[in-house]
Amino acid sequence: MADPAQRLTTPEEFFAWQLHQEERYELVDGLPIRRHRMMTGSSTQHDRVSVNIIASLHTQLRGSGCRPMTADIAIRTGIHGLRRPDVMVACAERIRDTYEAREPRLVVEVASPSTSAVDRTRKLEEYKRHPTLRCILLVETVLPQVLLYRRNDEGWAIEAFDGLDAIIDLPEIAAQLTLADIYDGLTFGPRWDPADTPPGD
């Protein structure tokens, strides 16, 4: 088989190729793309937020038939497309030795400097097209703020959550996330306010 990095490839061919790579890749328009290209690794903020979300959801979902997953598991976004959300929740019977989620209901993308623009545009639109997804969370790391895209009868509605007292209800998976839990162990600098700019600056 020709190197998938040099031609359009299917998800099945991609998974066979990925097994022999040291880094995680996504499949974008039939071509493997390093998941966090231009990054030397996730920041401690990014990593802590991802771990906190997985820990909270794991406890709440135990025994429910739904389970949280890491970026080791992919979500199919098209005939030639696979993405790896930072966190994902799928609600389907577990199948051994598979590399993609069955019936994902929630995906979470935690902001990184090099991926934030893609997460909020192209990836978001790809996720919205997935037939079983019900919720998409975009989580900031420089301040306690989360955007939730929730599927409804008309399409997708957006909700914003700001501050550590906020609670995100997720009846789609019979769980909730508090921003206090999401950002446990993180500290934030003072938020800039234009009113604080000295006169003449």
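The values are calculated or read from the model by the stated rules, or taken from the named source; none is laboratory data. All figures in this text were calculated on a predicted structure; none of them were measured in a lab. All Cβ positions, even for glycine, are placed from backbone atoms using ideal geometry, and neighbour counts span all protein chains on display. Surface accessibility is based on the protein's heavy atoms, side chains included, excluding ligands, DNA and RNA. Shrake-Rupley method; radii C 1.70, N 1.55, O 1.52, S 1.80 Å.
Here are the numbers for the structure shown:
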item	result
Number of positions in segment 139-180 that are free of Cβ contacts under 8 Å to residues at least 60 places away in the same chain, closer than 22 Å to GLU103 by Cβ and not hydroxyl-bearing (Ser, Thr, Tyr)	11
Restricting segment 134-174 to residues that are among the aliphatic types (A, V, I, L, M) and part of a loop (DSSP other than H, G, I, E, B), the residue that is modelled with the lowest pLDDT	VAL142
Complete set of residues in segment 156-182 that are open to solvent by less than 40 Å² (accessible area, probe 1.4 Å), in contact with a helix residue (DSSP H, G or I) (Cβ under 8 Å, 6 or more places away or on another chain) and farther than 14 Å from LEU57 by Cα	PHE161, GLY163, ALA166
